[in-house]
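A.B. asks: Just dropping this structure here.
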């Protein structure tokens, strides 16, 4: 009798727990739209990547990308490695200066860290200073680009070319529409979370799991 009860509990317990979980709702918080119609990068560079139909994290490295080593290391380790598995995700680094040798140094470092296979979702796009300023001005920002046309902030741009973020951060009434790449806390607890929320909103509800994930799904 005791054996029967134990076996029944072992079978019924997990089944009941699974049913309980399956009845629960997905817990995610929709992100705020801070700017609509962010300038499309393909307007500047034909036959290049596009914001449209992708969920993008973008940032500005300017004329001296090597000065942003810490920022790039942070966003790579904390954000890119966690989000690169999604097919519709891409990271875009804008820089100034055609054939800038410092970009190749950065790419080689990332390849050594991540492996060349993972880097194809990280785009490095050269814009001139006017194009960089024009694109940056189409975003809601906290500060101007520095004298190198660079910034420490990263931005989320969704599939419809809208800038996304969160309101009432930590109940302080502050809007978060950009994320400081020098702050691991900002990247981990805000940027990654908000990007996943945008991804859920625009992808999970409209596509299958197989379509959403890249070939490295685990």
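The values are calculated or read from the model by the stated rules, or taken from the named source; none is laboratory data. A quick note: this is a predicted structure, and the numbers were derived from the prediction, not measured. For neighbour counting, all protein chains shown are included, and Cβ atoms are generated from backbone atoms with ideal geometry for every residue, glycine included.
A.B. asks: Is it the case, given these coordinates, that residue 202 is surrounded by 15 or more Cβ atoms within 10 Å (Cβ to Cβ) and at pLDDT 95 or above? Spell out the reasoning first.
C.D. replies: Working: surrounded by 15 or more Cβ atoms within 10 Å (Cβ to Cβ): yes; at pLDDT 95 or above: no.
So residue 202 does not fit the description; no.
A.B. asks: On to the next question. Identify the residue in region 97-118 that is assigned to a loop (DSSP other than H, G, I, E, B) and at negative phi and, among all such residues, is surrounded by the most Cβ atoms within 10 Å (Cβ to Cβ). Give the derivation first.
C.D. replies: Keep residues of region 97-118 that are assigned to a loop (DSSP other than H, G, I, E, B), which gives 97-100, 115.
Then drop every residue that is not at negative phi, which leaves 98, 100.
Numbers: 98: 8, 100: 19.
Among them, the one singled out is 100.
A.B. asks: If residue 50 satisfies all but one of (1) part of a loop (DSSP other than H, G, I, E, B); (2) touching a residue at least 12 places away in the same chain (Cβ under 8 Å); (3) surrounded by 14 or more Cβ atoms within 10 Å (Cβ to Cβ), what's the number of the condition it fails?
C.D. replies: (2)
A.B. asks: Hey, another quick one. Scan region 160-167 and tell me whether some residue there is modelled with pLDDT under 95 and within 22 Å of residue 68 (Cα to Cα).
C.D. replies: No, region 160-167 contains no residue that is modelled with pLDDT under 95 and within 22 Å of residue 68 (Cα to Cα).
A.B. asks: Taking the stated definitions as given, is residue 163 closer than 26 Å to residue 34 by Cβ and without any contact (Cβ under 8 Å) to a residue 40 or more places away in the chain?
C.D. replies: Details: closer than 26 Å to residue 34 by Cβ: yes; without any contact (Cβ under 8 Å) to a residue 40 or more places away in the chain: no.
Taking the combined requirement at face value, the residue does not satisfy it.
A.B. asks: A further question follows. Whether any residue in region 131-141 is at pLDDT below 95 and either under 14 Å from the mean Cα position of the chain (by Cα) or on the phi < 0 side of the Ramachandran plot (or both) is what I want to check.
C.D. replies: Taking region 131-141 as the starting set, the residues that turn out to be at pLDDT below 95 are none.
There is no residue in region 131-141 that is at pLDDT below 95 and either under 14 Å from the mean Cα position of the chain (by Cα) or on the phi < 0 side of the Ramachandran plot (or both).
A.B. asks: Now for a different question. Consider residue 187 carefully, then state whether it is surrounded by fewer than 17 Cβ atoms within 10 Å (Cβ to Cβ), at pLDDT 60 or above and either over 15 Å from the mean Cα position of the chain (by Cα) or outside any loop (DSSP other than H, G, I, E, B) (or both).
C.D. replies: On the way: surrounded by fewer than 17 Cβ atoms within 10 Å (Cβ to Cβ): no; at pLDDT 60 or above: yes; either over 15 Å from the mean Cα position of the chain (by Cα) or outside any loop (DSSP other than H, G, I, E, B) (or both): yes.
No, not satisfied.
A.B. asks: Here's a follow-up. Tally the residues that are in contact with a helix residue (DSSP H, G or I) (Cβ under 6 Å, 6 or more places away or on another chain), without any contact (Cβ under 8 Å) to a residue 40 or more places away in the chain and in a loop (DSSP other than H, G, I, E, B), restricting the search to region 119-151.
C.D. replies: 0
A.B. asks: Based on this model, can you work out whether residue 80 counts as farther than 13 Å from residue 135 by Cα, buried (at least 21 other Cβ atoms within 10 Å of the Cβ) and at pLDDT 95 or above?
C.D. replies: On the way: farther than 13 Å from residue 135 by Cα: yes; buried (at least 21 other Cβ atoms within 10 Å of the Cβ): yes; at pLDDT 95 or above: yes.
The answer is yes for residue 80.
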